[in-house]
Structures are given as structure tokens and as C-alpha cells.
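The structure under discussion appears below in the form of C-alpha cells.
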Amino acid sequence: MEEIKIRVAQREDCARLMELVRELALYEKAPEQVTVSLAHFEEAGFGPNPVWKAFVATTQENGKEVIQGFALYYIRYSTWKGSRMYLEDIIVTESFRGKGIGKLLLDRLIEEAKEKQFSGIVWQVLEWNTPAINFYKKYTDKFDAEWINVSIDL
């Protein structure tokens, strides 16, 4: 199997990360819902006030590094629990799913959360996404069906 490396995302990675976001949106049957521009995505992660951080999973193809997946998070604050990591997305390109990349990324996120002394990691998963749910069950049995997602689009 190819060697997979995990590293911190860099500004130069953003175009590839957006490709993977669009791939995920297709998988989730919602490609029209990706409305963020590459410029905004880059600024939000690498501008003067970054709001997200990511780890990328890479392989080598013909001597070139290729990003096969990434995990993007930000910090949220719970009045009950304190600072927590919010995993916005963990994405692995379709041809590399099932090769351990998701595990490497989630393990790196757990390490990061411990290093930063966050009180935990939270995320959402679509109820029909059985492969993702089964993957997450390897890490936790805490699936909360009590809360309803609410948002305001501006």
C-alpha cells in the first residue's frame, strides 16, 4: 500500500481541498449547496484572522504529493463543556476510501484536541450515511438524536 502522510494544511492546498469539498457535496446529493468561493475559503483559513484549521492526508504519485483527503475543524465554545473541537468535515477521495486515511485523520484530530486541552470533539453525520456512521462507531457510541439542527442563511 502507498505511504500516507498526515500534515497541516497550507494555503497552497486550498484549491485541492475545494475539489474534495465538491466531491463530498456530490456524494451527499447537494452540489448546488457549495457556494463558498476559493478566495473566501483561503482567507478564512489563512488570512489575518483564520477561523479553521485542517490536516491533509497525502500520497506520492509520480514523485508528486497528492492530497487524498482532509479533516477541517474549528474551535467552538460550550458554556457547559468549555473549548471543544468541531469537526466540520472529514473527506477522503472516493478512490482512497477504505485504506485507513479516515482513521489516520481522526486519530490526528484526537491528538490535536488533547494537545490543545479541548474538552472533546463534536461533529454531525447525515442519518443515511451508513459508512460514515459505522466508521464513527469505532470511536464512540455517543450519537445524539435529541438535538435539531437550526441555521439562518444570510
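The values are calculated or read from the model by the stated rules, or taken from the named source; none is laboratory data. This structure is a prediction, so every number in the text was calculated from the model and none was measured. FYI the Cβ positions are ideal-geometry reconstructions off the backbone, even for glycines, and counts take in every protein chain you see. Each accessible area value is taken on the protein alone, full model and side chains, heavy atoms only, with ligands, DNA and RNA left out. Shrake-Rupley method; radii C 1.70, N 1.55, O 1.52, S 1.80 Å.
Points worth noting:
- Distances between placed amide hydrogens fall under 5 Å for ASP89 paired with LEU72, all partners being 5 or more residues away or on another chain.
- The residues of the chain expose, per residue, 68 Å² of accessible area to a 1.4 Å probe.
- MRE, 222 nm, helices only [DSSP H, n ≥ 4, -39500 (n - 2.57), over the chain, to nearest 500]: -9000 deg cm²/dmol
- Annotation: ILE152 carries an accessible surface of approximately 140 Å², with a 1.4 Å probe and no ligand, DNA or RNA atoms counted.
- Net charge of the neighbourhood of GLN33, taken over other residues with C-beta under 11 Å away and scored Lys/Arg +1, Asp/Glu -1, is -1.
- Taken over the chain, lysine pairs spaced eight or more positions apart, or on distinct chains, with alpha carbons under 16 Å apart number 11.
- Within the accessible area of the stretch 75-139, the carbon and sulfur atoms contribute 49%, probe 1.4 Å, all protein chains present.
- Distances between placed amide hydrogens fall under 5 Å for GLY120 paired with MET85, all partners being 5 or more residues away or on another chain.
- Net charge over other residues, Cβ less than 15 angstrom from the Cβ of ARG16 (K, R count +1; D, E count -1): -4
- Estimated from the Cβ-Cβ distance and a Förster radius of 41 angstrom, the FRET efficiency linking GLU65 and ALA145 is about 0.55.
- Relative contact order of the chain, pairs being alpha-carbon contacts under 8 Å that are 6 or more residues apart, as %: 18
- For the options PHE41, PHE55, PHE135, a Gaussian network treatment of the chain with springs between C-alpha atoms closer than 10 Å singles out PHE135 as fluctuating the most.
- Among residues other than TYR77 with Cβ under 15 Å from its Cβ, the summed charge is +4 (Lys and Arg +1, Asp and Glu -1).
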